[in-house]
Amino acid sequence: MFTIGCHLSSTGGFLAMGECAISLGANTFQFFTRNPRGSRAKPVDPADAEALINLMKENRFGTILAHAPYTINPCSKTERTREFARETMADDLLRMESLPGNFYNFHPGSHTGQGIDAGIEEIADTLNCILSEEQHTTVLLETMAGKGTEIGSRFEELAAIIDRVKLKNHVGICMDTCHVSDAGYDIIHHLDDVLDEFDSVIGLGRLKALHLNDSKNPPGSHKDRHEKIGRGAIGQEAFRRIINHETLRDLPCFLETPNELPGYAEEIRMLREMREEQGAK
Ligand code: FE
Ligand code: FE
Ligand code: ZN
């Protein structure tokens, strides 16, 4: 099944997002767990969560993805900032239990000068603190562009974090196409090689979701500026290969392109058209 959706605003609640996704031709969606300033999140309305679960079943949705606020930083050099990230993520995971079996994605963070190794330890500490055996959510580390002191632009860094996590079966990776390209992995001309490298460093079994974004900048630019699908450096043909690749085609895909809802509907329609039958070449 091709599972494709986009980022949606969560202001109307869970059911409203599910209905919006359907209106766009999507069968999944992504949302922020709270506003990016990371302030207090609205309490979960159990009836609303239940209604979304039913709608997802009836419409055969794939896994949905909750995105942590991108302003939290689990590996800041400032202790209070790290604590805040931990509290926010722990609270988000608690709330995600009302939508069991889905994904919670976060940016590993920026080490803000203390160095990559220290950052990796702190990110792993955070995960060891917030993960519990009973949780029904898989926490995903997002591949990053390597802007500033960002950690997670190299597969080795993500592998080193997961290595230090105790409950490894609760963690995975979300690969952002704009970010990996900006990080210098050539998914435009050498997708197979990049996936082989991912497999040998992290293991493809950990790859759980894709963020589909074109990039305003050339590979290796470390910029992180998303572009509409086919309008950027990655280009439409590379996306055709990505969404049809045998190791990627069953992963849920989430658009975070610069679009309003009609633009998202159009991209989803275009990607569905680009999708080939299994085994077709
Ligand atoms: Fe992200
Ligand atoms: Fe992303
Ligand atoms: Zn980005």
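Values quoted throughout were computed directly from the atomic coordinates according to the rules given, and no laboratory measurement underlies them. No experiment lies behind these values; they were computed from the predicted model shown. Quick reminder, even Gly has a Cβ in these numbers, built from the backbone with ideal geometry, and neighbours come from all protein chains shown.
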So, with points 7 Å from each Cα along the Cβ direction, the L204-K168 label distance in nm works out to 1.9
Listed with the fewest Cβ neighbours within 10 Å leading, C6, C178 appear as C6, C178
When the charge dipole of the range 4-280 is computed with +1 at the Cβ of Lys and Arg and -1 at the Cβ of Asp and Glu, the Cα pointing farthest to the positive end, of H67, L251, A209, is that of H67
Taking every DSSP bridge whose two residues both lie in the range 4-280, the antiparallel percent to the nearest 5 is 10
For K42, the aspartates and glutamates lying under 16 Å Cα to Cα, once residues fewer than eight places off in the same chain are dropped, come out as E87, D91, D92, E97
Most exposed to least, judged by fewest other Cβ atoms within 10 Å, R60, R95 sort to R60, R95
In nanometres, the difference between 0.36 nm per residue of separation and the alpha-carbon distance of A16 and M1 is 3.1 nm
Checking rank on 81-89, 24-32, with mean other Cβ inside 10 Å and highest first, the result is 24-32, 81-89
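Within a 10 angstrom radius of the beta carbon, how do C253, C75, C129 rank from fewest other beta carbons to most?
C129, C253, C75
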In nm, the gap between the two label points placed 7 Å beyond Cα toward Cβ at K223 and E50 is 5.0
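Just from its helices, what would the mean residue ellipticity at 222 nm be for the chain, if runs of 4 or more DSSP H residues each count -39500 (n - 2.57) and the sum is divided by every residue, rounded to the nearest 500 deg cm²/dmol?
On the way: 9 runs with 106 residues, N = 281.
It lands at -11500 deg cm²/dmol.
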Expressed in angstrom and rounded, the centroid-to-centroid distance over alpha carbons for the range 60-107 and the range 232-281 is 26
Once amide hydrogens are built 1.01 Å from N within the peptide plane, the residues lying 5 or more places from N217 or on another chain with amide H under 5 Å from its amide H are R225, A233
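Given just the C-alpha atoms of the chain, how large is their convex hull per residue in cubic angstrom?
Dividing the Cα hull volume of the chain by its residues yields 118 Å³.
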Beyond 25 Å (Cα-Cα) in this structure, taken from K77/K208; K77/K147; K77/K166; K57/K228; K147/K228, we find K77/K208; K57/K228
